[in-house]
Amino acid sequence: MIKIGIVDDHAIVRSGLRQFLSEHVDLRVEGEAGNGREAIDLVRNHEIDVLLMDLSMPGQSGLDALAMLRAKAPDMGILILSGYPEEHYAINLIRQGASGYLNKECEPSEIVEAIRTIALGRRYLTPAVAELLAQQLNRKDDAPPHEQLSEREFQVFLKLAKGETAGDIAKALSLSVKTVSTYRTRLMEKMSLSSNSDLTYYALKNRLID
């Protein structure tokens, strides 16, 4: 029996996934969460084999929670199920420890296939994500600027692009304001940008935020 956790801020999505997964005899939904912080509690209180997690959620997002979830449950599989296309987030997230990445427009049967693959301790790569990984290996030097950011820099970049202050970001990520400012300076240099409005424009243009 594969024990599953569902993390999504929309109750209707959680309900639909729970109903669909219950139709498979080898899958059992152990619990649900509505954001990253609740996901950490869910993993702390339940034994979960595969966590099915959205990215964009209020409060603590899936991206913010990923490192902590990895630290708390290193053997647990994490399947990202997101509305964002693969090319925008998949590579960064797999590099940060996600076991697989599916767009919410995928066929429901693919979610089941991905869960079963990840439960075996393997990664689930769609042809689209495998192609992106191959492209990245072939063109390391001319990868998009945001793909060259570290995990923390990428988190800070997205929050700045959404208009959050250094104080907000420090609180959300349990960092000092000074550390957030250091990350901001570093990521600005890497991306050759000079202001927060440049960051927002870049993120919107590359469809990293809505």
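The values are calculated or read from the model by the stated rules, or taken from the named source; none is laboratory data. Predicted model only: the values in this text are computed from it and were never measured. FYI the Cβ positions are ideal-geometry reconstructions off the backbone, even for glycines, and counts take in every protein chain you see. Ligands, DNA and RNA are excluded from the accessible area calculation, which covers all protein heavy atoms including side chains. Shrake-Rupley method; radii C 1.70, N 1.55, O 1.52, S 1.80 Å.
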Cβ pairs under 7 Å, 6+ apart, first in the stretch 75-104 and outside the structural domain of L42 (by the TED database), second of a type outside the set (K, R): none
Selection count, the stretch 141-186, where residues are in contact (Cβ under 8 Å) with a residue 24 or more places away in the chain and either farther than 20 Å from L66 by Cα or open to solvent by 50 Å² or more (accessible area, probe 1.4 Å) (or both): 9
The listed residue being in contact with a strand residue (DSSP E or B) (Cβ under 9 Å, 6 or more places away or on another chain) and either modelled with pLDDT of 95 or more or at positive phi (or both), out of G31, G36: G31
All positions within the stretch 18-47 that are more than 17 Å from D75 (Cβ to Cβ) and either under 18 Å from the mean Cα position of the chain (by Cα) or not assigned by the TED database to the domain that holds R116 (or both): E32, A33, G34, N35, G36, R37, E38, D41
Index of the failed condition, D64 passing every other in (1) in contact (Cβ under 8 Å) with a residue 60 or more places away in the chain; (2) open to solvent by 30 Å² or more (accessible area, probe 1.4 Å); (3) assigned to a helix (DSSP H, G or I); (4) not small (G, A, S): (2)
Among (1) in contact with a Gly (Cβ under 8 Å, 6 or more places away or on another chain); (2) open to solvent by 50 Å² or more (accessible area, probe 1.4 Å), the one test that G77 misses: (2)
Conditions (1) open to solvent by 80 Å² or more (accessible area, probe 1.4 Å); (2) basic (K, R); (3) in a helix (DSSP H, G or I): number failed by R28: (3)
Any pair with Cβ under 7 angstrom, 6 or more apart, that starts in the stretch 24-48 at a residue that is touching a residue at least 40 places away in the same chain (Cβ under 8 Å) and ends at one that is basic (K, R) and surrounded by 13 or more Cβ atoms within 10 Å (Cβ to Cβ): E47/K3; I48/K3
Residue list for the stretch 101-116, filter: open to solvent by less than 70 Å² (accessible area, probe 1.4 Å) and closer than 25 Å to E151 by Cα: Y101, L102, N103, A114, I115
Selection status of Y84, surrounded by fewer than 21 Cβ atoms within 10 Å (Cβ to Cβ) and among the aromatic types (F, W, Y): yes
Count - residues of the stretch 187-210 that are open to solvent by 50 Å² or more (accessible area, probe 1.4 Å), closer than 19 Å to S150 by Cβ and assigned to a loop (DSSP other than H, G, I, E, B): 1
Unique residue being open to solvent by less than 20 Å² (accessible area, probe 1.4 Å) and either assigned to a helix (DSSP H, G or I) or among the small types (G, A, S) (or both) when the list is A71, A128, A98: A98
One residue from I4, I12 being more than 15 Å from A119 (Cα to Cα) and among the hydrophobic types (A, V, I, L, M, F, W, C): I12
